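The structure appears below as structure tokens.
The values are calculated or read from the model by the stated rules, or taken from the named source; none is laboratory data. Values in this document were obtained by computation on a predicted structure and should not be read as measured data. Cβ coordinates were reconstructed from backbone atoms using ideal geometry, including for glycine residues, and neighbour counts include every protein chain displayed. All accessible areas refer to the heavy atoms of the entire protein, side chains included, with ligands and DNA or RNA removed. Shrake-Rupley method; radii C 1.70, N 1.55, O 1.52, S 1.80 Å.
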Amino acid sequence: MALTIFILRLAVCILAFPMYLLDFLGLWNWICKQWFPYFLARFTVMYNKQMESKKQELFSNLREFTGPSGKLSLLELGCGTGANFKFYPSGCQVTCVDPNPSFEKFLIKSIAQNRHLQFERFIVAAGENMHQVASGSMDVVVCTLVLCSVKNQEQILQEVCRVLRPGGAFYFMEHVADKPSTWNYFWQQVLDPVWYLLFDGCNLTRESWKALEKARFSKLKLQHLQAPLSWELVRPHIYGYAVK
């Protein structure tokens, strides 16, 4: 099996040689940063339509973590185009963090469409280093379809714990590796190297639940599901929340 995966990976990588050449020349990352927000703006419309009931379920108890001030301070990590905004409760104070500044114009549009929220600021930063956000200042941190592409999941979760107040919550919804016995897992393994380049650092084979289980949360509610998505490669999902 391993040999078959290696041979097929090699064949796919040969077909994707122009992308690898651009990456070697340092151009591919710039191209991705420019076009990926446009792709994500379209993809999230489809994703929200197919995952709406699960997102409503996931975010249904956000108000339970409202802080002593009576306001819910929420930080969205890897905010992208603001696809989660419509699921947040009215009056929620939203701070957005994303390493790609090209998302800002899409965020402005989403903010205009979600007047029930109080937008605080957009911070251009990687989740592994959110030094602009004060320790213990957030009631809730959210990330969806983010842990698949970060450089260091453990460091991200350390930063999440730092910015959350005691008793605050981390909400997540992520695509993950399928069960090793499945054909989907086989094709995830084959296509992962090219997928990583094509979709701006996204990994098909991450077992993100393991990082969450090891993180310093006092409580973890995590569920696995096969999401009702058109793209079979990203159907395996985890979702839930963890309390600091």
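Just one of the numbered conditions (1) in contact (Cβ under 8 Å) with a residue 60 or more places away in the chain; (2) out of contact with any Ser or Thr (no Cβ under 7 Å at 6 or more places or on another chain); (3) open to solvent by 30 Å² or more (accessible area, probe 1.4 Å); (4) within 21 Å of Ile123 (Cβ to Cβ) is not true of Thr66: (4).
Checking every residue in segment 221-230 against the condition of being surrounded by fewer than 20 Cβ atoms within 10 Å (Cβ to Cβ) and closer than 25 Å to Lys33 by Cα gives at least one match. Scanning segment 100-111 for residues that are surrounded by 18 or more Cβ atoms within 10 Å (Cβ to Cβ) and without any contact (Cβ under 8 Å) to a residue 40 or more places away in the chain yields Leu107, Ser110.
Of all residues in segment 205-244, those being of a type in the set (Phe, Trp, Tyr) and within 16 Å of the chain's Cα centre (by Cα) number 3. Kindly indicate whether Gln56 is open to solvent by 50 Å² or more (accessible area, probe 1.4 Å), touching a helix residue (DSSP H, G or I) at 6+ places or on another chain (Cβ under 7 Å) and either β-branched (Val, Ile, Thr) or under 23 Å from Ala227 (Cβ atoms) (or both). Here the answer is yes, as Gln56 does meet what is asked.
Within segment 191-207, residues that are on the phi > 0 side of the Ramachandran plot reach partners that are of a type in the set (S, T, N, Q) and surrounded by fewer than 18 Cβ atoms within 10 Å (Cβ to Cβ) with beta carbons closer than 7 Å, at six or more positions or on different chains, in the pairs Asp200/Ser149; Gly201/Ser149. Going through Ala83, Ala41, Ala11, Ala16 one at a time, which residue ends up being at pLDDT below 90, within 22 Å of Ala227 (Cα to Cα) and open to solvent by less than 60 Å² (accessible area, probe 1.4 Å)? After applying the criteria, what remains is Ala41. Cβ-Cβ contacts under 6 Å between residues 6 or more apart (or on different chains), taken from a first residue in segment 224-244 that is within 15 Å of Trp187 (Cβ to Cβ) and part of a loop (DSSP other than H, G, I, E, B) to a second residue that is open to solvent by less than 30 Å² (accessible area, probe 1.4 Å) and among the aliphatic types (A, V, I, L, M), are listed as Arg235/Ala227; Arg235/Leu229. Each residue in segment 112-169 was checked for being open to solvent by 50 Å² or more (accessible area, probe 1.4 Å), acidic (Asp, Glu) and touching a strand residue (DSSP E or B) at 6+ places or on another chain (Cβ under 9 Å), and 1 of them qualify.
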